[in-house]
């Protein structure tokens, strides 16, 4: 099984209201951040850092719930 899409969400405040938005999206050759869409090569340095932080929050702090569909 291969991961085809990985999406990370965050809360963003706009006008006094908080909204859940897509923060990062690694999707089959395209890397999309909250700042816009970029080619996947720009994520090569960023992804290992994101993965390390995510695993720390998930495994050590247990703040994420993982689901596979």
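The values are calculated or read from the model by the stated rules, or taken from the named source; none is laboratory data. Computed from a predicted model, the values in this text were never measured in an experiment. Note: ideal-geometry Cβ built from the backbone for every residue, glycine included; neighbour counts use all protein chains shown.
What to note about this one:
- Taking the criterion of being in a strand (DSSP E or B), over 17 Å from residue 65 (Cβ atoms) and modelled with pLDDT under 85, the only residue of the range 3-17 that qualifies is 5.
- Residue 17 being within 14 Å of the chain's Cα centre (by Cα) and either touching a residue at least 24 places away in the same chain (Cβ under 8 Å) or surrounded by fewer than 11 Cβ atoms within 10 Å (Cβ to Cβ) (or both): no
- Of 53, 66, all but one fail to be out of contact with any helix residue (DSSP H, G or I) (no Cβ under 6 Å at 6 or more places or on another chain) and assigned to a helix (DSSP H, G or I); the exception is 53.
- Hey, residue 26 in contact with a helix residue (DSSP H, G or I) (Cβ under 6 Å, 6 or more places away or on another chain) and surrounded by 10 or more Cβ atoms within 10 Å (Cβ to Cβ) or not: no
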